[in-house]
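The values are calculated or read from the model by the stated rules, or taken from the named source; none is laboratory data. On a predicted model such as this, the values are computed, not experimentally measured, just so you know. A quick note on method: Cβ atoms are made from the backbone with ideal geometry, for glycine too, and the neighbour counts reach across all protein chains shown. The accessibility values were calculated without ligands, DNA or RNA, using every heavy atom of the protein model including side chains. Shrake-Rupley method; radii C 1.70, N 1.55, O 1.52, S 1.80 Å.
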Amino acid sequence: MAIPFFGDAVDTPPLPSSTVMLLREGAPGLEVLLMRRHANTAVLGGVHVFPGGKLDAADRDVGAQGLELDLDAEACRLRLAEPQLEPGQALALHLAALRETFEECGLLPGADASARDLGALRERMQAGSNLRDAAAGLGLALRLSALLPWSRWITPRQPSVSHKRFDTRFFVALAPPGQDIVACARETTEVVWTTPRAALERYWAGEIDLAPPQIMSLSHLLRLGDVGAVMARARACPPVLVAPEPFDEDGVRVICYPGDPAHSVREAAWPGPTRLRYRNRRFEPEGGLDALTGGA
């Protein structure tokens with residue numbers, strides 16, 4: 001299991017990032033895509049995560065003028081429900097979500113593209129082109145609307161899993177039909193479709209490691225039941241802000257979330273547990289696995 005990072009307070013600003021929870025309706029029900037990061041990765045090495053990463057300069061580039069996006073910058077800002085966010089930054093967060101997902105697992109949500117088209121897109125990006133320019137050169141449309149804002153996670157100053165801070169917008173998206181996973185060998189050692197329950201059970205059995213945002217997000221997905229319910233909630237509700245507030249109690253790290261008696265926000269962000277405690281070399285809630293799965 002990954003060793004948590006209980007270090008000194010981190011005073012650097014959180015890095016803007018995007019993450020995508022790719023969903024599909026499989027034989028066992030709702031499935032989500034998880035990737036295991038290389039053990040030598042600086043952030044969350046060896047941990048199973050959703051595709052994602054921090055913004056880079058290309059995401060902020062206006063890109064090719066010949067490529068029309070289905071959402072403009074202001075529409076992206078309104079979807080994220082952050083009045084103070086600059087529209088250009090909101091657009092970049094959506095583009096980063098598409099780019100990171102494509103780079104890490106070869107899937108491009110919302111795109112009607114053949115394997116040949118996606119292969120050509122990958123080659124152009126590996127040669128240094130940004131996503132918008134590469135897509136425009138191939139006549140591929142980028143559908144930002146395929147991404148539905150889900151939540152916003154801001155790493156606290158007091159770290160629990162990493163020495164870096166992130167301000168991450170989580171999106172949900174349907175797995176694009178007809179596209180095959182092409183994992184990035186530099187960043188990923190495993191890509192799996194799994195039900196939220198199976199992922200949490202594997203975590204509890206010590207077979208995989210998960211970071212707290214993945215643990216809590218999987219628990220929420222599990223309670224919603226199916227892909228339709230998840231997408232309906234994403235369309236109906238603004239993304240929830242999650243700013244964890246950690247503290248140490250009797251030498252044990254505790255991370256509390258909105259709705260917890262120890263958290264500054266009294267309204268819960270989701271049903272289920274509102275705190276995780278680091279014990280048994282993992283983060284776990286009071287009530288154990290049943291608290292994460294709803295006891296069902």
Starting from the range 168-195, keep only residues that are under 24 Å from residue 15 (Cα atoms), then list their pairs with residues that are of a type in the set (Gly, Ala, Ser) whose Cβ atoms are within a distance under 6 Å, requiring at least 6 positions of separation or different chains. 168/17; 169/18; 170/151; 171/97; 172/234; 173/146
When the residues of the range 158-194 are narrowed to those that are of a type in the set (Gly, Ala, Ser) and within 26 Å of residue 25 (Cβ to Cβ), which ends up nearest to the chain's Cα centre (by Cα)? 173
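Results for (1) open to solvent by 60 Å² or more (accessible area, probe 1.4 Å); (2) within 26 Å of residue 202 (Cα to Cα); (3) not in a loop (DSSP other than H, G, I, E, B), shown as yes or no for each residue.
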{"residue": "241", "(1), (2), (3)": "yes, no, yes"}
{"residue": "248", "(1), (2), (3)": "yes, no, yes"}
{"residue": "261", "(1), (2), (3)": "yes, no, no"}
{"residue": "265", "(1), (2), (3)": "yes, no, no"}
{"residue": "278", "(1), (2), (3)": "no, yes, yes"}
{"residue": "283", "(1), (2), (3)": "no, yes, yes"}
Would you call residue 105 under 16 Å from residue 171 (Cβ atoms), modelled with pLDDT under 95, open to solvent by less than 10 Å² (accessible area, probe 1.4 Å) and in contact with a Leu (Cβ under 8 Å, 6 or more places away or on another chain)? yes
How many residues does the range 108-164 hold that are of a type in the set (Ser, Thr, Tyr), at pLDDT 95 or above and not in a helix (DSSP H, G or I)? 1
Out of (1) at pLDDT 95 or above; (2) open to solvent by less than 10 Å² (accessible area, probe 1.4 Å), the one residue 211 does not meet is (1)
Where the second residue is hydroxyl-bearing (Ser, Thr, Tyr) and at pLDDT below 95 and the first is closer than 17 Å to residue 151 by Cα and in a loop (DSSP other than H, G, I, E, B) and lies in the range 12-37, which pairs have Cβ atoms under 7 Å and are six or more apart or on separate chains? 14/155
Top-ranked residue in the range 177-206 [being assigned to a helix (DSSP H, G or I) and of a type in the set (D, E, K, R); ranked as surrounded by the most Cβ atoms within 10 Å (Cβ to Cβ)]: 197
Set 174, 200, 144: member being among the aliphatic types (A, V, I, L, M) and touching an Asp or Glu at 6+ places or on another chain (Cβ under 7 Å): 144
Taking the condition closer than 20 Å to residue 173 by Cβ, under 20 Å from the mean Cα position of the chain (by Cα), at pLDDT 95 or above and of a type outside the set (A, V, I, L, M), does residue 197 pass? no
